[in-house]
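Every read-out reported here was derived from the displayed coordinates using simple, explicitly stated rules and does not represent laboratory data. None of these values were measured; they are calculated from a predicted model. For neighbour counting, all protein chains shown are included, and Cβ atoms are generated from backbone atoms with ideal geometry for every residue, glycine included.
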Amino acid sequence: MTTKLPRLAFRNIFRNLRRSILSAVAISVSALSIVMLFGLLDGMEIDMANNLQSYYTGEVRIRNVDYEKYERYNPLHLGVDWEAIAPILMDNPSVESATARISFPANMYIGENSQVVMGVGADFSTEEAFIDFPAILKEGRLPEQGKNEMLIGSAMARELNLSIGDKVTMLTTTAARGSNAITLQVVGIATFPVGSLNTNMFWAPLDRMQYFLRMEGLSQEILVLLKDGAKESLVAQEIHDEISQSLGIETDTRSWKDLNIMYSMLRIMKVAYYFVAIFFFLLGSTVIINTTMMVIFERMREIGTLSALGMQGSELTKLFLLEGFFISVIGSGVGVIIGMIGNYYLSKVGINFTDAMSGIDLEVSSIFYPQVNILKSFFIWLYAVVISSLATFIPSRRASKIEPVEALRYV
Amino acid sequence: MKFIITLAFKNLSRYKRRTSITAVAIAVGLMMYLLVDSILIGAENESMRNLRWYETASARIHAPSYWEDRMLFPMESSIENPDAVLALLDENGWKATARTVFTADMILYSEDFGEDGNMNVLVTAIDPETDNDVFHFSDTLIDGRFLEKGDENGILIGSWFAEDINAKVGYWITLVARGNGGFYEAMDMQIVGILNCPNPNVNRTLLMMDKDTAGYYLGMNQAVTEIDVLLPEHEDIDVEMAKIQAKIEASHLDLEVHSWKELAKDYLAIAEAKRGGTSMILFLVFIIAAVGISNTMLMAMYERTRELGMMRAMGMSDNNIRLAFLIEAGGIGFIGAVFGIVLGLLANLYMVNVGIDFGWMMRDLDMGYRIQSVFRGAWSMSSFIEAFVAGIGLSMIVAWIPISRALKMDIPSCLRHQ
Amino acid sequence: MCKHDKSKKHLLFPLLLLLVFLPSNLSAVSAEEIIQKMDELATFETSYSTGSIQTKDRFGTKTSTFNAWSQGESDSLIEFTSTAERGQKILRTKGSLYLFYPDAEELIRLQGAALRQSMLGSDISYEDMTEEKNTLDNYKAVLEGTEAFKDTMCYVITLTATTRSVAYPVQKLWIDTENYLVWKAQYSTAQGRLLKEMEVLSTLEAGGRVIASETRIEDKMKRDSHTYMRLDSLEVNPVLDKKIFTLENLTW
């Protein structure tokens, strides 16, 4: 009899197909939702990490060793020698790309009014690896080397009423700790994915900013992206040592994870979202348990018949367990696969909230790209199988214990 | 009709197990939806609230020329007679407090800080007696004491700021500021307390002293740079703003009111973008809950096909049968929804008042800061109503399908139905 | 530089505290008279000078050199010649201060609180440059007595502000009893907290006057922060083109 159990259980699935389908649907929707939730959360996390890396820290950031100590004084004279460090970075096998930036606060004068903004001097050819400028560029073009041009955020353009071709004068403190002003022409307007970038930042060619800020050949920081699989903190240490060996200068070279509060914020966000995930699991579990229990209870008469025919309690339990197991394997498998396909599709297309927010005067791009994670999906599949098998266990054990006569009377 | 209702209710109590499992499915689904909704709204409200509690208040009153130069914190554009404005607001039931915000050069001494230094800072001078009516700083004190009225040397500092400059309670600093008119003034201040403000922007820069002391040193003659107003959270901010503006104008005061939404425009833009993600999550929760509810309901109804066949065989009209079953489904939905709401209410009571402390998860996280580590929920009346209606409505709509199918079948098939 | 302006005007020397005095008799004894003399003697028709400003702060020392022209009570122009700020100009006309930068296509006009910013990171603010020399309008003067400062007999005068619109509520001046040169000045808050201190290190003679050629200004609130002002040459009453002090001319 025992050897026949799996076959019997399998046949039972098809005997009441509708019930099995309902049960499988419950399991698969739960699994699907959780897979999609994780995809969404991973997407958000990667989005945030990408923004951090593209706009703030890279994967490894190199600064003058004293810069951080005096950061609040905006000590541009504490720069790093980009021209000397670039070849060292290019020789490191783990380095994918690197770019030099100078970030500085400036006063922007428009007519009689002035406004505090952040300027970024950047080499747009090396920035390509960090920022997808063509994708965010809304109007105009990128500033060109050697020209007094700039790219501004769309929110800034709107608020200050600036359009392509307008000229604006910036006043700031230079690395020589004197003041200097330069007039830059708006040649491009871009929509940056982070609010503050969009409202108060301008991007200008590195060489002009080096001249303007009296820091020829220097940059305020160097951002580095690594090849896939490289361990950020190890490579950071490696780069640090290489620079100190060949140039004899100490630098503040750290991986973005060791770097700042922003990464910690990211992790807090993650914890918050995993709490939501726990609720998903709980809810999914109740749905699965409920449906499975319902299925078993509705089959009391069948149980009675089987035990009247002489099937033993443990065999009955096993039979129902097996049936639940088969259903959950299929249901959960279908759910996870659909979820993964959905995530894969969304990871290409993105979930665009821009339409939903079109009524609001906002130009923050709001596209998330959910991620496909095979390991997590497998875990979710396993979870759904275990939960629904367990859920079968309770009522089927109870069913196996009741008297056949009672079970037969069961409505 | 009475018979049908009685029948439906009798059926509800007859099949106790079925009713309870289905009701539980509904209750748990609704509760989870309510909880997730509460957490998501709570997280958003919390950041908005932190903004209002520690940064902007609900609305801020300025002298008309202040707004344009607000980045420079112009002392010259001040409110000359804050007491009159405060009295006016008080008469009309608005809580308000006066503040003077000024920039200063903060001098640090090596005796305390180990190194001499100076930096530009923003100082907020508050009225220690009324500031807590509008803001919530006194709750965030983690070391030392809060300011007292007329505190002559006491200054409070945000905890992140304190960590940055290595400041401790008892340390002395000097603030060099320009008084009203432009004269130099130096104030020797002792750090008397450290505030851990949950609003990171504030915690990184906060310096707070007594308003009367600052007013005396800076030659303000009772004038202040701003009056911050607290508006009840449930009121429509724009309506209230208009009311305040009208009152001010009626009293011939030349002042402007700005809402926190204007004061924190950038911040709100980011929050708006985040909302997209949370609505997606909420949607997914709703889907699972809905599937859970409809699944159990479908099953509960399919299993009753035989009973339905019997009723038809006995000559009950299709419409009456349909009605009886729908009422039954609605009854289950109602029971489930009530339980769901009660469970959600209880769970939410806990979430709102106690919250989930995830500080233990943060232990290995080298933050260096004791950041707000408690998630709290929020009350949303509309979510509860939505959940209640959805619970009942969904049950009845879902029940419709198997009932209609059974009614289309011929009676013998119904009776043979497994 | 063509016409000579004959009208007698007060010169406000552009760079802060370089006060110029003619030798005079010692009959002035009341504090008001001494201060009046001090202000009166700060009188030029025109001037042309070259010099440097050396600033020391927590990051080290830097030097900027300049050429300066002045005319009358309110007009002055400074042009920087050192590498880091070559070509930058500061124009002061009645009531306004304009900054010209070679790479900027428009002038930046400073007013109000913006004038409080430090010039070139030194201990001198733009506002110190625009200070009006009508001392007695804003201050009450009290003669404390006489005191020797570096072997020179000086009147010691305390000025207390009568208005809030001046930067320093209390000033204590050491004024040479013979040539009315201010050898030393202490600037304090109303409570008597010392903020800045100025001391003349050496003098030169030009146009028959003794004026400070090297001055040290210290910000007493910051340790290791001081500014040296050095005057390399001073031409008194040269013939200047009036156009020097116009906005149109600022961009040459």
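Values for this structure:
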{"quantity": "Nitroxide proxy distance, nm - points 7 Å out along Cα→Cβ at B:Lys168 and A:Gln312", "calculated": "7.5"}
{"quantity": "Förster radius 60 Å - calculated FRET efficiency between B:Ser413 and B:Met381, Cβ distance, rounded to 0.05", "calculated": "0.80"}
{"quantity": "Antiparallel DSSP beta bridges within chain B, as percent of all bridges there, nearest 5", "calculated": "85"}
{"quantity": "Region B:129-277: C-alpha gyration tensor shape, a/c 1.5 cut-off, then a/b vs b/c", "calculated": "oblate"}
{"quantity": "Cβ-based net charge around B:Tyr302, under 13 Å, with every Lys or Arg adding one and every Asp or Glu removing one", "calculated": "+4"}
{"quantity": "Axial C-alpha extent at least 27 Å, average Kyte-Doolittle at least 0.0 - helices from chain A (DSSP)", "calculated": "A:17-51, A:261-297, A:313-349, A:374-401"}
{"quantity": "Average other protein chain Cβ within 10 Å of Cβ, residues A:294-305", "calculated": "3"}
{"quantity": "Inter-chain Cβ neighbour average for residues A:279-292, partner chain, 10 Å", "calculated": "6"}
{"quantity": "Chain lengthening between B:Ser20 and B:Lys265 when straightened (0.36 nm per residue, less Cα-Cα)", "calculated": "83.2 nm"}
{"quantity": "FRET E, pair C:Lys150, B:Asp83, Förster distance 45 Å, beta-carbon r, rounded to 0.05", "calculated": "0.25"}
{"quantity": "Isotropic mean projected area of the C-alpha convex hull, region C:114-228 (nm²)", "calculated": "8.0"}
{"quantity": "Shielding by partners - mean other protein chain Cβ count within 10 Å, residues of A:169-180", "calculated": "6"}
{"quantity": "Rounded, prolate or oblate (a/c below 1.5 giving rounded, otherwise prolate when a/b exceeds b/c) for chain A by Cα gyration tensor", "calculated": "prolate"}
{"quantity": "Pairwise FRET efficiency - B:Ser317 versus B:Ile142, Cβ, R0 = 51 Å, nearest 0.05", "calculated": "0.10"}
{"quantity": "Span-like helix ranges in chain B, DSSP H, alpha carbon extent 15 angstrom or more, Kyte mean at least 1.0", "calculated": "B:265-302, B:318-353, B:381-408"}
{"quantity": "Region A:66-249 - share of DSSP beta bridges that are antiparallel (%, nearest 5)", "calculated": "75"}
{"quantity": "Relative packing of A:4-12, B:153-161, which averages over residues the other C-beta atoms within 10 Å, highest first", "calculated": "B:153-161, A:4-12"}
{"quantity": "For region A:71-208: rounded, prolate or oblate by the Cα gyration tensor [a/c cutoff 1.5]", "calculated": "oblate"}
{"quantity": "Contour excess over end-to-end distance, with Cα ends at A:Phe378 and A:Lys147 and 0.36 nm allotted per residue", "calculated": "77.8 nm"}
{"quantity": "Cα-only Debye scattering, the protein assembly as shown: base-10 log of I(q)/I(0) at q = 0.06, 0.10 Å⁻¹", "calculated": "-0.63, -1.30"}
{"quantity": "Charge dipole of region A:25-118 about the Cα centre (unit charges at C-beta), most positive-ward option of A:Ser28, A:Ile110, A:Gly39", "calculated": "A:Ile110"}
{"quantity": "Distance (nanometres) between label positions extended 7 Å along Cα→Cβ at B:Ala246 and B:Ile397", "calculated": "4.2"}
